[in-house]
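Below you'll find the structure, written out as structure tokens, and then a few comments.
Computed from the coordinates by the stated procedures, all read-outs in this text should not be read as laboratory data. Note that the structure is predicted; figures quoted are calculated from it, not measured. Neighbour counts run over all protein chains shown; Cβ positions are idealised from the backbone, glycine included.
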Amino acid sequence: MILALKLLHIAAVVLFLGNILTGLFWHAHAARTRDPHLLAHAMAGIIRSDRLFTMPGVVGIVGAGVALAMIERLPMLRTGWIAWTLALLVVSGIVFMARVAPLQRELLAMAGEGARTGAFDFARYRARALAWEAWGAVALLTPVAGLVLMVVKPGS
């Protein structure tokens, strides 16, 4: 049971972080073209993949992690590496919901409008995309720090 939960936990981390990194790659790839059709398509795919992979990854990470901590009788809020990782995941989730997701919808709307009308202001789009990338970096690096804590387990 423990090995199955560890496997689920690790697979969920790979799914979660891998999807975020892949989304950044495909957006950068589309942005090099400056084509609003491709940018809209890429951003729609990123939003969809967040629903299909990132969100289930979060559920798997937290669910399997909590189950493992309970089985191992680790006090989650008094075990530093677990508590800090949970805090980092919460920060990541707040940043994603408050900044990243709204910016994704805005970028999709901007690119979609540019594709429909033929009047696409790439400089304006790029400025918003830079904000998305900056907030996305926060939403990505906080769980990466949590991953490091989970592997290193400082103070154990």
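See the values below:
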{"item": "Over the chain, relative contact order from alpha-carbon pairs under 8 Å, at least 6 apart, %", "result": "31"}
{"item": "Mean ellipticity per residue at 222 nm, deg cm²/dmol - from DSSP H runs of n ≥ 4 across the chain, formula -39500 (n - 2.57)", "result": "-27500 deg cm²/dmol"}
{"item": "Inter-probe distance in nm under a simple model that places probes 7 Å from Cα toward Cβ, at GLU113 and ARG78", "result": "5.5"}
{"item": "The chain: most fluctuating residue of PRO36, PRO75, PRO143 per GNM, C-alpha cutoff 10 Å", "result": "PRO75"}
{"item": "Unit Cα scatterers, Debye sum, the range 1-69: log10 I(q)/I(0) for q = 0.26 Å⁻¹", "result": "-0.99"}
{"item": "Kirkwood Rh (inverse of mean 1/r, distinct Cα pairs), the chain, angstrom", "result": "16.7"}
{"item": "Along principal axes, Cα extents of the range 73-137, largest first, whole Å", "result": "60, 16, 13"}
